[in-house]
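Working notes, structure below.
Throughout, read-outs are computed from the coordinates displayed, never taken from laboratory work. Keep in mind that what you see is a predicted model, and the values were worked out from it rather than measured. So basically every Cβ, Gly included, is an ideal-geometry build from the backbone, and we count neighbours across all protein chains shown.
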Amino acid sequence: MGMRVQIGFTHSEIKGNDLLELVKTAEANPFIYLHWGFKAEDQESLDSVKGFIKEFHKHRGHDIVYLPFWLVHYFANNDIKACKSLKTAFSYEEFNYNVLSHGIDNNIHGDIEYLYLVSPTQIYCLSPKYKNYEIYDYSLIKTEPLN
């Protein structure tokens, strides 16, 4: 089983400590699902994603119609490169159709370890709190500025 994470997109910023309200602002937009995601403490992966988003923002601003697609494309390309460098049993074609580690969903899954919310100015790294596979709150692990 992988490190399940989702990435959401919002035009809002956190107000006080109201993480649930911030999450609600992202619920109108698609969430990226990564079955093989990364921990908030994995600064190298977070910096890589942050670099991609910053470059996207230079060209398109915080366009959350296109950003989710291009971010999924970025993750898929990175995974394909990793498979090729590791000389796995998957060919490029097999990888595309058989390894389902990226997705887009309208809901937050009940088994993720992290929820990343991308705003115009930062990435919020949240850890869901569960009761019977239902998220009832979040803890803010850290924020990463995009400026």
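Within 13 Å, Cβ to Cβ, of Cys125, how many net charges do the neighbouring residues add up to if Lys/Arg are +1 and Asp/Glu are -1? Don't jump to the answer; show the numbers that get you there.
Details: positive: Lys39, Lys50, Lys142; negative: Glu41, Asp42, Asp47, Glu113, Glu144.
Result for the neighbourhood of Cys125: -2.
Neighbours of Glu41, meaning other residues whose beta-carbon lies under 15 angstrom from its beta-carbon, give a summed charge of -2 when Lys and Arg score +1 and Asp and Glu score -1. Find, among the trypsin sites (Lys or Arg not before Pro) in region 113-147, those assigned to loop by DSSP (not H, G, I, E, B) with at most 10 other beta-carbon atoms within 10 angstrom. Loop-located and lightly packed - none at all. Please say if region 21-62 is rounded, prolate or oblate, where rounded means a/c under 1.5 for a ≥ b ≥ c the square roots of the C-alpha gyration tensor eigenvalues, and otherwise the choice is prolate for a/b larger than b/c and oblate otherwise? It is oblate, given that a/c is not under 1.5 and a/b is not larger than b/c.
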